Amino acid sequence: MLAERDGFLRFLRARGAGDLAEDIVQDTWLRLASLNTEPIADPRSYLFRALNNVMHDRYRSAQRSRKRDGEWLEINSDSGGASDAPMPDRALAARAALAQAEAALRAEGERVLDIFRLFRINGMGQRAIAQHLGLSLSTVEKDLQKAYRALIRLRETQDAE
């Protein structure tokens, strides 16, 4: 096999093995080394046939692998019903953080919490909030400042932990 190695590589490359030709020769060598066979009448032809078979085995294996991977991707693609919901541990952590933020804002007063919700969550303007709640614009601004300071304090305590 070693004496005909270059010829085997040319043979495989001519049949499309490309860069895999070296690997195919080695695989064939390992397979043949483990066989206990009778003497072979035409060893050169036998080796060419064995190389061809190993090359075809690799091709079929790669084809099955591509098919399997394609089917897996098709089943597990976004259109397969994957959820956009966060993972349960992240959802739990987000709910806990929201509860802490609400508690910090509520500690400043219900009005501060309401104004913050209207401004940041509902997207209502400060003037509209003032008119909606019957407050002055200055009161709405000051309550928003209280809310932001409370959230900053909360963040600082969380970072310290």
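Between ILE152 and TRP72, the simple spin-label model (points 7 angstrom out along Cα→Cβ) gives 5.1 nm. Between the labelled values [x] 1, 7, 10, 10, 7, 6, 5, 4, 4, 4, 4, 4, 5, 6, 6, 6, 5, 4, 2, 1, 0, 0; [y] 2, 7, 15, 20, 21, 18, 11, 4, 1, 0, 0, 0; [z] 2, 8, 16, 19, 18, 14, 10, 6, 4, 3, 1, 0, the entry that holds P(r) over Cα pairs in 5 Å bins from 0, in percent as derived from this structure is [x]. Stokes-Einstein diffusion of the range 78-161 at 4 °C, 1.567 mPa s viscosity, Kirkwood radius from Cα pairs, rounded to a whole number: 89 µm²/s.
Note on ASP89/ASP114: beta-carbon distance plugged into 1/(1 + (r/R0)^6) with R0 of 41 Å gives a FRET efficiency of 0.85.
Calculate the translational D of the range 35-126 in whole µm² s⁻¹ from Stokes-Einstein, where the hydrodynamic radius comes from the Kirkwood formula applied to all Cα pairs, the temperature is 37 °C and the viscosity 0.692 mPa s. Reported coefficient: 161 µm²/s.
Label sites at ARG13 and ALA107, each approximated as a point 7 angstrom past Cα along Cα to Cβ, lie 7.5 nm apart.
Placing +1 on the Cβ of every Lys and Arg and -1 on the Cβ of every Asp and Glu, with nothing else charged, gives the range 104-161 a dipole about its Cα centre of roughly 160 debye. Ligands, DNA and RNA are left out, and with a 1.4 angstrom probe the accessible area of the chain is 75 Å² per residue. Dipole check for the chain: with +1 at the C-beta of Lys and Arg, -1 at the C-beta of Asp and Glu, and the Cα centre as origin, the magnitude is about 320 Debye. Taken along its principal axes, the alpha carbon cloud of the range 1-71 reaches lengths of 45, 26, 15 Å, longest axis first.
The values are calculated or read from the model by the stated rules, or taken from the named source; none is laboratory data. None of the values given here were measured: they were computed from a predicted structure. FYI the Cβ positions are ideal-geometry reconstructions off the backbone, even for glycines, and counts take in every protein chain you see. Side chains included, ligands, DNA and RNA excluded: accessible areas come from the protein's heavy atoms. Shrake-Rupley method; radii C 1.70, N 1.55, O 1.52, S 1.80 Å.
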